[in-house]
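Here you go, one structure.
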Amino acid sequence: MGQDIRILVVDDSPLTRAGAVALLASEPDLRVVGQAAGASEALKLFRSLMPDLVITDLKMPEIDGVTLTRMLRKEHPEARILVLTHYAGDENVFQALKAGALGYLPKEIPGDELVRAVRTVAAGGRYLPREIAGQLAERAATPSLSPREIEILQKLTLGLT
């Protein structure tokens, strides 16, 4: 293969970080260059290490993964971010992708799928498991209300005509 993919792993769980690092280290082209327990540490490490990819959790103390993604992409528009989390709800996925993440995986996925996602996102592609992509497609198909429609509904709930 070509050059190694340099990865920064961000998760407040030491056990989750260790598992991800061990799994990724078993692949010849993947190299974890840094680990962070939170977003502040991740920002500092990103600036000094300039990894090819960041794998981040969503729920972390102080600064969450969506905010970290937004901050990284604002400072480094080329940053490639893959979210790996227990929170698979479509709103979480939508917010992470809107913030600039290129991929989103639930932590329950098999290791080989994480490796595929890492390679895809590091190459600039998007990666979503089929069921999460389906949730997003359903969300996109649901018409949203205009501000005026929301105002009318709010007034109706107050008994106004």
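Estimate the FRET efficiency between Ala22 and Glu75 by the formula 1/(1 + (r/R0)^6), using the beta-carbon distance for r and 25 Å for R0, to the nearest 0.05. Write out the running numbers ahead of the final one.
On the way: r = 30 Å, r/R0 = 1.18.
Once the sixth-power term is evaluated, E becomes 0.25.
Tell me, what is the 1.4 Å probe accessible area of Val115, in Å² to the nearest 10?
10 Å²
Which percent of the accessible area of the range 26-103 is formed by carbon and sulfur heavy atoms (probe 1.4 angstrom)?
53 percent
Then there's this: Between Asp29 and Lys44, how many nm apart are label points set 7 Å from Cα along the C-beta direction?
Each label point is offset 7 Å from its Cα along the Cβ direction, giving 3.3 nm.
Let me ask another. From largest accessible area down, sort Leu82, Leu23, Leu102; use a 1.4 Å probe on the protein chains.
The ordering from most to least exposed comes out as Leu23, Leu102, Leu82.
Sticking with this one: For the range 53-96, state which trypsin sites (Lys or Arg not before Pro) are in a DSSP loop and have at most 15 other beta carbons lying within 10 Å of their beta carbon. All intermediate terms of the calculation are to be shown ahead of the outcome.
On the way: sites: Lys59, Arg70, Arg73, Lys74, Arg80; in loops: Lys59, Arg80.
Qualifying residues, ordered by number: Lys59.
Further question on the same structure: Report the label-to-label distance for Ile152 and Arg130 in nanometres (one decimal), using points 7 Å from each Cα along the Cα→Cβ vector.
Here the answer is 4.1 nm between the modelled labels.
A further question follows. For the range 1-115, what relative contact order do you get, as a whole percent, if you take Cα pairs closer than 8 Å and at least 6 residues apart? Provide the component values of the computation, followed by the final result.
Values: 193 pairs, mean separation 26.1, N = 115.
Relative contact order, the range 1-115: 23 percent.
The values are calculated or read from the model by the stated rules, or taken from the named source; none is laboratory data. Since the model is a prediction, treat every value here as computed from it, not as a measurement. Don't worry about glycine lacking a Cβ; one is built from the backbone with ideal geometry, like all the others, and counts go over all protein chains shown. The protein model used for the area step is the full one, side chains on, heavy atoms only, and it has no ligands, DNA or RNA in it. Shrake-Rupley method; radii C 1.70, N 1.55, O 1.52, S 1.80 Å.
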